[in-house]
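The structure under discussion appears below in the form of structure tokens.
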Amino acid sequence: MLLSKKEFAKASLNKRYKAILDDGEYIGARLKGAHRIHLFCYNGFFVEVWILVSFDQLHWIEIQNNSSIVAEYTESVDLKKSLGL
């Protein structure tokens, strides 16, 4: 069962992680400081999964509402190349 945005925000870290693994759609990753951050689409909203690189350990999961941050994941995408144009 998918969690609503409100339910997801209130859920424990473990429950959010399981929800993403079960029903999230992976979009991409970026690096910021000591973290590798993965973006997923989950139930119509974006979620970032923060991994502490040095320990390869889950650090945080948060809903991402900032469109400029979400756009960082698409900067390297070449749509013409991906579509063979």
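The values are calculated or read from the model by the stated rules, or taken from the named source; none is laboratory data. Since we're looking at a predicted model, the values are computed, not measured. Backbone-built Cβ (ideal geometry, glycine too); neighbour counts: all protein chains shown.
Restricting the first residue to segment 64-82 and requiring it to be modelled with pLDDT of 70 or more, which pairs with a second residue that is assigned to a loop (DSSP other than H, G, I, E, B) and surrounded by 10 or more Cβ atoms within 10 Å (Cβ to Cβ) meet a Cβ separation below 9 Å and a spacing of at least six or different chains?
Pairs found: V70/Q64.
Could you list all residues from segment 45-79 that are closer than 21 Å to M1 by Cα and surrounded by 17 or more Cβ atoms within 10 Å (Cβ to Cβ)?
Once the filter is applied, which keeps residues that are closer than 21 Å to M1 by Cα and surrounded by 17 or more Cβ atoms within 10 Å (Cβ to Cβ), segment 45-79 yields F46, V47, E48, V49, I61.
Looking at Y42, Y17, which one is among the hydroxyl-bearing types (S, T, Y), farther than 25 Å from E75 by Cα and either surrounded by 15 or more Cβ atoms within 10 Å (Cβ to Cβ) or in contact with a His (Cβ under 8 Å, 6 or more places away or on another chain) (or both)?
Y17
What tally of residues in segment 20-39 results from selecting those that are in contact (Cβ under 8 Å) with a residue 12 or more places away in the chain, more than 18 Å from V70 (Cβ to Cβ) and either surrounded by fewer than 14 Cβ atoms within 10 Å (Cβ to Cβ) or among the hydrophobic types (A, V, I, L, M, F, W, C) (or both)? Reasoning before the result, please.
So in segment 20-39, the residues in contact (Cβ under 8 Å) with a residue 12 or more places away in the chain come out as 20, 23-31, 34-39.
Then drop every residue that is not more than 18 Å from V70 (Cβ to Cβ), which leaves 23, 34.
Still in the list and also either surrounded by fewer than 14 Cβ atoms within 10 Å (Cβ to Cβ) or among the hydrophobic types (A, V, I, L, M, F, W, C) (or both): 34.
Residues in segment 20-39 being in contact (Cβ under 8 Å) with a residue 12 or more places away in the chain, more than 18 Å from V70 (Cβ to Cβ) and either surrounded by fewer than 14 Cβ atoms within 10 Å (Cβ to Cβ) or among the hydrophobic types (A, V, I, L, M, F, W, C) (or both): 1 in total.
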